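Structure, as structure tokens:
The values are calculated or read from the model by the stated rules, or taken from the named source; none is laboratory data. Since the model is a prediction, treat every value here as computed from it, not as a measurement. For neighbour counting, all protein chains shown are included, and Cβ atoms are generated from backbone atoms with ideal geometry for every residue, glycine included.
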Amino acid sequence: MNAKFNIIANVLGKVWASVMNFAFVPIYIRYLGIEAYGLIGFFVSILAAFFVLDMGLSTAINRELARLSVRNDAAPLAQNLMRTLEIVYWAAGCFIGLFIVIMAPWLATHWLKASLPVAETTQAIRLMGLVALFRWPSPLYSGALMGLKRQVSLNVVNGLMATVQGGGAALVLIAISPTIEAFFIWQSLAAGLQITFLAGLVWRHLAGSGHRPSFQGDALRSVFGFSAGITGITLLSVILTQSDKFLLSRIIPLQNFGYYSLASSIAGTLNIGAMAIYSAMFPAFSQLVALDDPTALKRLYHKSAQLLSVLVFPTGLCLSFFSFDLLRAYVSDPAIATNTRTLLSLLAIGNMILSIMLMPLALQLAYGWTKLSLYKNLVAVSIFIPLLWFMAHRYGPAGAAWVWIILTLGYFVFEAPIMHTRLLKGEQWHWYGKDVAVVAVLSALVL
């Protein structure tokens, strides 16, 4: 299946999943309250932080299966690699789930500034551990399906399960129990069902050679160099993208953190759409690198970057310029809209810039070049964390949002020129001008 169909499948799947995730947020807030919704935002941050333990393996399986797909004798290698990483992933998932359960009482009493009953908060965090166990292996199976160019199957499952997760949770709150515990119980059931479907799809598409897959240490070592670089990038990326949430959850009341979580989740829709294009392009870039076809790679790089700009800039500027009106229509609560509007305007700008940088990142990883992103994030962390600490303590959530804009602008200004001195030389100004600036200016003028 060609890249065009994979992009369409990814965009439709991500858009539908995003719609399902956000369509029911007003119901969650209405039945749980903005403070309990802050617990949901806290869970998202916890899960993102643990993705450091991914060790780059989900990206590695995507890249390796895409590269192996152009070889006729590689089915046993692909099966052994998948089985090996599967065992590693499930072991890590069990550790993560157990760790969250054990830490629940301490988090409820010493970290979060909640007015909710301690027993209720503790139980909710324990249930987060169960959800994390089932959600943890999802990136591995998703990466495998993307590497196998089975984006249509992947997005059908994810779209259906997003409907079950979002709509089912809303029904549970309305008809059975309007509690945060009921919400997370439903999420654990839905996550277990989703991971069952994804695992079944992967092995269905990998089967057929008559080979019995097994754990192979050599298979793990074969991707270690690439995955080690990705691990460093992931670790630093998690620090950069989640430090604001963890810091704010510690220093501001849970209700105010709920406002920030709401703004962050809405602004995050930009990244969801952008990742749909990235997910289709990364294996396509990897194949063209393996085939040593720089002309086709350059053409695809610019087309995908332009498509990304067309998706991101109009949406991001709308969220930023019309944040209050959109929030008031979305949550039907003027008070929540008033407390969230500035945060959404700022976070949308930062996420818009971050999304634009996904095509340069995909190109770097397709070549197996992880050092640029690693060093970039090392420099960013050394500046970002002290600045975030100062701005968040002095100006609260708005200060943290401003730091996010500064960080992403740094990526935009410095990363692309450095990358184009090594990859696709001479294409830097084409990317800045035709791929990015033209669409950005036209979008701003129209709005």
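Being within 30 Å of residue 294 (Cα to Cα), hydrophobic (A, V, I, L, M, F, W, C) and assigned to a helix (DSSP H, G or I) is the requirement here; does residue 423 meet it? Considered against the rule, which asks whether it is within 30 Å of residue 294 (Cα to Cα), hydrophobic (A, V, I, L, M, F, W, C) and assigned to a helix (DSSP H, G or I), residue 423 comes out as no.
Just one of the listed residues (143, 200, 167) is under 26 Å from residue 120 (Cβ atoms), small (Gly, Ala, Ser) and either crowded, with 17+ Cβ neighbours inside 10 Å or modelled with pLDDT of 85 or more (or both), and it is 167.
From the list 45, 58, pick out the single residue that is part of a helix (DSSP H, G or I), within 30 Å of residue 326 (Cα to Cα) and at pLDDT 70 or above. Criteria check complete, one pass: 45.
Here residue 358 fulfils each of the conditions (1) surrounded by fewer than 24 Cβ atoms within 10 Å (Cβ to Cβ); (2) over 18 Å from the mean Cα position of the chain (by Cα); (3) of a type in the set (A, V, I, L, M) apart from (2).
For segment 67-88, check the following and say yes or no: at least one residue is part of a helix (DSSP H, G or I), at pLDDT below 80 and charged (D, E, K, R). Scanning segment 67-88, I find at least one residue that is part of a helix (DSSP H, G or I), at pLDDT below 80 and charged (D, E, K, R), so the answer is yes.
Across segment 376-389, the qualifying residues are those that are of a type in the set (Val, Ile, Thr) and either touching a helix residue (DSSP H, G or I) at 6+ places or on another chain (Cβ under 7 Å) or buried (at least 17 other Cβ atoms within 10 Å of the Cβ) (or both), and the one among them that is nearest to residue 253 (Cα to Cα) is 385. Within segment 146-156, the set of residues being out of contact with any Ser or Thr (no Cβ under 8 Å at 6 or more places or on another chain) and surrounded by 23 or more Cβ atoms within 10 Å (Cβ to Cβ) comprises just one member, 155.
Within segment 317-336, track down each residue that is among the hydroxyl-bearing types (Ser, Thr, Tyr), under 19 Å from residue 30 (Cα atoms) and in a helix (DSSP H, G or I).
Residue satisfying the conditions is 330 alone.
Looking at segment 120-133, is at least one residue more than 18 Å from residue 180 (Cβ to Cβ), part of a helix (DSSP H, G or I) and either of a type in the set (Phe, Trp, Tyr) or modelled with pLDDT of 90 or more (or both)? So far as segment 120-133 goes, yes, one or more of its residues are more than 18 Å from residue 180 (Cβ to Cβ), part of a helix (DSSP H, G or I) and either of a type in the set (Phe, Trp, Tyr) or modelled with pLDDT of 90 or more (or both). On the basis of being more than 19 Å from the chain's Cα centre (by Cα), within 30 Å of residue 25 (Cβ to Cβ) and surrounded by fewer than 18 Cβ atoms within 10 Å (Cβ to Cβ), does residue 392 make the cut? Here the answer is no, as residue 392 does not meet what is asked. Within segment 398-447, being touching a Phe, Trp or Tyr at 6+ places or on another chain (Cβ under 7 Å) and among the polar types (S, T, N, Q) holds for one residue alone: 443.
Do the conditions hold for residue 216, that is, is it farther than 23 Å from residue 281 by Cα and at pLDDT 85 or above?
no
Scanning segment 426-436 for residues that are over 25 Å from the mean Cα position of the chain (by Cα) and either in a helix (DSSP H, G or I) or without any contact (Cβ under 8 Å) to a residue 12 or more places away in the chain (or both) yields 426, 428, 429, 430, 433, 434. Considered as a group, the residues in segment 314-360 that are touching a residue at least 40 places away in the same chain (Cβ under 8 Å) and of a type in the set (Phe, Trp, Tyr) include one that is nearest to residue 419 (Cα to Cα), and that residue is 321.
Restricted to segment 21-42, and to residues there that are under 18 Å from the mean Cα position of the chain (by Cα) and crowded, with 20+ Cβ neighbours inside 10 Å, the residue that is modelled with the highest pLDDT is 40.
Among residues of segment 144-200 being touching a residue at least 12 places away in the same chain (Cβ under 8 Å), more than 21 Å from the chain's Cα centre (by Cα) and not in a helix (DSSP H, G or I), the one that is farthest from residue 117 (Cα to Cα) is 178. Within segment 267-304, the set of residues being β-branched (Val, Ile, Thr) and under 23 Å from residue 156 (Cβ atoms) comprises 269, 272, 277. Restricting 296, 267 to those that are in contact (Cβ under 8 Å) with a residue 40 or more places away in the chain and touching a helix residue (DSSP H, G or I) at 6+ places or on another chain (Cβ under 7 Å) reduces the list to 267. Pairs are defined by a Cβ separation below 9 Å, a sequence spacing of at least 6 or placement on different chains, a first member in segment 227-253 that is under 19 Å from residue 347 (Cα atoms) and at pLDDT below 75, and a second member that is part of a helix (DSSP H, G or I) and among the acidic types (Asp, Glu); no pair meets this definition.
The residues of segment 237-264 that are surrounded by fewer than 24 Cβ atoms within 10 Å (Cβ to Cβ) and over 22 Å from residue 107 (Cα atoms) amount to a single one, 237. Scanning segment 361-370 for residues that are in contact (Cβ under 8 Å) with a residue 60 or more places away in the chain and either among the polar types (S, T, N, Q) or in a helix (DSSP H, G or I) (or both) yields 361, 362, 363, 365, 366, 370. Residue 307 satisfies every condition listed in (1) touching a Gly at 6+ places or on another chain (Cβ under 9 Å); (2) of a type outside the set (S, T, N, Q); (3) surrounded by fewer than 24 Cβ atoms within 10 Å (Cβ to Cβ) except (1).
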